[in-house]
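Student: Could you have a look at this structure, given as structure tokens, before my questions?
The values are calculated or read from the model by the stated rules, or taken from the named source; none is laboratory data. The shown structure was predicted, so the numbers you read here are calculated from the model rather than taken from an experiment. For neighbour counting, all protein chains shown are included, and Cβ atoms are generated from backbone atoms with ideal geometry for every residue, glycine included. In case anyone asks, the SASA skips ligands and DNA or RNA and just uses the protein heavy atoms, side chains included. Shrake-Rupley method; radii C 1.70, N 1.55, O 1.52, S 1.80 Å.
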Amino acid sequence: MGRNKFAQDEIEEIARLLRLKNAGNRARQKLVRHDLRTVYEFNISDFNEPGRAFGEADLQEAIRRGVIQVLDDATIADMKAKRARDKAHDQAERERHAIEAGEMTDWKASARAWEEWEKSQQNGD
């Protein structure tokens, strides 16, 4: 599930992308949906009825119903920063568990060992 809280400028850009999606061919639609998901974390399926095209009017209707909230830029920036911290923390935890389970090597430790070896070679040790 993606976000349901956006800044006004994000809503305007999402509306523009939805217009492009509905005017484009299948390949263009696929690219626009990808941009909506990756750039704005906006998943059409979170707000749409299956089998129906989701457009700008549907976006405005979702805002009117309160399914999508429009917040100020500072709140959205704080929300994105927290989400980035949470993702980084979760990724670090997954890596730590994988290293402990032997499913993954600790490439950071290997890189440190390599750098130490290079320094010792440069110093003539």
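Student: Can you pull the percent of segment 19-125's accessible area that's carbon plus sulfur, 1.4 Å probe, other chains left in place?
Tutor: That fraction is 51 percent.
Student: Now, a different point. Going by alpha carbons, how many degrees (0 to 90, nearest 10) lie between the helix axis of 56-65 and the longest principal axis of the chain?
Tutor: That works out to roughly 90 degrees.
Student: So for segment 1-114, if I pair up every lysine 8 or more residues apart or on another chain, how many of those pairs have alpha-carbons under 28 Å apart?
Tutor: Qualifying lysine pairs in segment 1-114: 12.
Student: Mind listing the long-range amide H neighbours of Ala7? Cut-off is under 5 Å, sequence gap 5 or more, other chains count too, H placed in the peptide plane at 1.01 Å from N.
Tutor: Hits under the 5 Å cutoff: Leu71.
Student: Related question: Under a 5 Å amide H to amide H cut-off, with H placed in plane at 1.01 Å, what residues pair with Ile68 once short-range neighbours are removed?
Tutor: Ile63
Student: Averaged per residue, what accessible surface does the chain expose to a 1.4 Å probe, in Å²?
Tutor: On the way: 8950 Å² over 125 residues.
Spelled out: the 1.4 Å probe surface of the chain, per residue, equals 72 Å².
Student: Ranked by accessible surface with a 1.4 Å probe, highest first, in what order do Thr105, Thr75 come?
Tutor: Correct descending sequence by accessible area is Thr105, Thr75.
Student: For segment 1-98, with only Lys/Arg (+1) and Asp/Glu (-1) charged at the beta-carbon, what is the dipole magnitude about the Cα centre, in debye rounded to 20?
Tutor: Approximately 420 debye in magnitude.
Student: Still on this structure, please answer the following. Find how much the distance from Gln91 to Ser45 grows on full extension, using 0.36 nm per residue of separation minus their present alpha carbon separation; answer in nm with one decimal. Before the final figure, lay out each step's value.
Tutor: On the way: separation 46, 0.36 × 46 = 16.56 nm, distance 2.58 nm.
Full extension of this stretch gives 14.0 nm more.
Student: Further question: Under a Cβ-Cβ cut-off of 13 Å, what is the net charge of the residues other than Gln91 that fall near it, where Lys and Arg count +1 and Asp and Glu count -1?
Tutor: Neighbourhood net charge equals +2.
Student: For the charge dipole of the chain, defined by +1 on Lys and Arg C-beta atoms and -1 on Asp and Glu C-beta atoms about the Cα centroid, which residue among Ala92, Trp114, Thr38 has the Cα displaced farthest towards the positive pole?
Tutor: Selected residue: Thr38.
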